[in-house]
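A.B. asks: Before I ask anything, here is the structure I am working with.
Each value in this text was obtained by applying a stated rule to the coordinates, not by laboratory testing. Computed from a predicted structure; not experimentally measured. Every residue, glycine as well, gets a Cβ built from its backbone with ideal geometry; the counts of neighbours run over all protein chains shown.
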Ligand code: AP5
């Protein structure tokens, strides 16, 4: 067992509350959200994963979202907020959850605050029930490399990178042997619109959390394990 996997030992005794991971496409939100999920046993609520699942299952939501996602644009706030509302109402979110890819627009951030306000009103909880908002800051060229090199397992969802985190056997998942896939929106022509959507629509969300004193920015250029340690420390300090 490596030193890192030792430090990943599960920590299930604490209420984590809501954690929001912000950052541009390729910043490492999914990678880090999975590690938080494994350590604290709280669910990763990834709006991108839920949307991709719906696209694959050809649900009404998937049909509505597919073309928008393929262009690298954002799905409408109404659809995404309703999807998140349903997901957060499930029992496994009681001790906390990690939001990966949400909120992504100013209206989504306002909607989330209202949702948490309601919960607090019905069932008063200490202020630490407010989300911990962590933004991963990553250099632009590094983002391009990370997105272009990403592969993922269609079965277990594990994320790899041909440059930074290759599987043991080329293009094959270490865990279950499935053939790795490249995401449809990781095509070169879609990467730029995704990064532009982040600048135009999601950067103001970070500004909003900054203005309200809730934003914690960390250096997402660091190696994955270093970033993980920073995130664990923030969560544990917040809930100490
Ligand atoms: P979504 O799935 O949320 O994609 P994204 O935000 O573009 O983020 P990514 O998944 O590309 O990157 P990531 O930050 O998770 O990085 P990862 O850990 O994989 O959204 C997809 C689409 O769905 C959107 O474009 C939109 O259409 C729609 N959508 C989703 N949410 C929505 C919302 N709220 N509202 C409206 N529409 C919405 O890492 C990337 C790569 O880098 C991997 O290969 C990884 O191995 C590697 N890596 C990670 N960390 C490091 C590190 N520290 N060092 C080196 N390599 C690293």
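For (1) within 7 Å of the ligand (Cβ to nearest atom); (2) over 14 Å from the mean Cα position of the chain (by Cα), each residue gets a yes or a no:
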site: 22; (1), (2): no, no
site: 28; (1), (2): yes, no
site: 45; (1), (2): no, no
site: 48; (1), (2): yes, no
site: 51; (1), (2): yes, no
site: 54; (1), (2): no, yes
site: 63; (1), (2): no, yes
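A.B. asks: Among residues belonging to region 152-182 that are more than 7 Å from the ligand (Cβ to nearest atom) and in a strand (DSSP E or B), point out the one that is nearest to residue 231 (Cα to Cα).
C.D. replies: If we filter region 152-182 for residues that are more than 7 Å from the ligand (Cβ to nearest atom), which is where we start, we get 152-158, 162-163, 166-182.
Add one more test, that the residue is in a strand (DSSP E or B), and what stays is 152, 169, 172, 179, 181.
Details: 152: 23, 169: 30, 172: 29, 179: 30, 181: 28 Å.
Going through the qualifying residues, I end up with 152.
A.B. asks: Taking the condition of being within 16 Å of the ligand (Cβ to nearest atom) and either surrounded by fewer than 16 Cβ atoms within 10 Å (Cβ to Cβ) or farther than 15 Å from residue 134 by Cα (or both), how many residues in region 77-103 meet it?
C.D. replies: Of all residues in region 77-103, those within 16 Å of the ligand (Cβ to nearest atom) come to 77-88, 97-103.
Those still in the list that are either surrounded by fewer than 16 Cβ atoms within 10 Å (Cβ to Cβ) or farther than 15 Å from residue 134 by Cα (or both) too: 77-88.
Number of matching residues: 12.
A.B. asks: If a residue has to be over 17 Å from residue 132 (Cα atoms), out of contact with any strand residue (DSSP E or B) (no Cβ under 8 Å at 6 or more places or on another chain) and in a helix (DSSP H, G or I) to count, how many in region 205-225 make the cut? Working first, answer last.
C.D. replies: Just the residues of region 205-225 that are over 17 Å from residue 132 (Cα atoms), to begin with: 221-225.
Among the residues that remain, those that are also out of contact with any strand residue (DSSP E or B) (no Cβ under 8 Å at 6 or more places or on another chain) are: 222-223, 225.
So of that shortlist, the ones also in a helix (DSSP H, G or I) come out as 225.
Within region 205-225, residues that are over 17 Å from residue 132 (Cα atoms), out of contact with any strand residue (DSSP E or B) (no Cβ under 8 Å at 6 or more places or on another chain) and in a helix (DSSP H, G or I) number 1.
A.B. asks: Sticking with this structure for a sec: Look through region 65-91, keep the residues that are closer than 22 Å to residue 186 by Cβ and in a loop (DSSP other than H, G, I, E, B), and return whichever of them is farthest from the chain's Cα centre (by Cα).
C.D. replies: The qualifying residue farthest from the chain's Cα centre (by Cα) is 71.
A.B. asks: Got a number for residues in region 207-223 being within 16 Å of the ligand (Cβ to nearest atom) and closer than 23 Å to residue 14 by Cβ? If you could, list the steps in order and put the result at the bottom.
C.D. replies: As a first pass, look at region 207-223 and keep what is within 16 Å of the ligand (Cβ to nearest atom): 208-209, 217-223.
Add one more test, that the residue is closer than 23 Å to residue 14 by Cβ, and what stays is 209, 218.
So the count comes out to 2.
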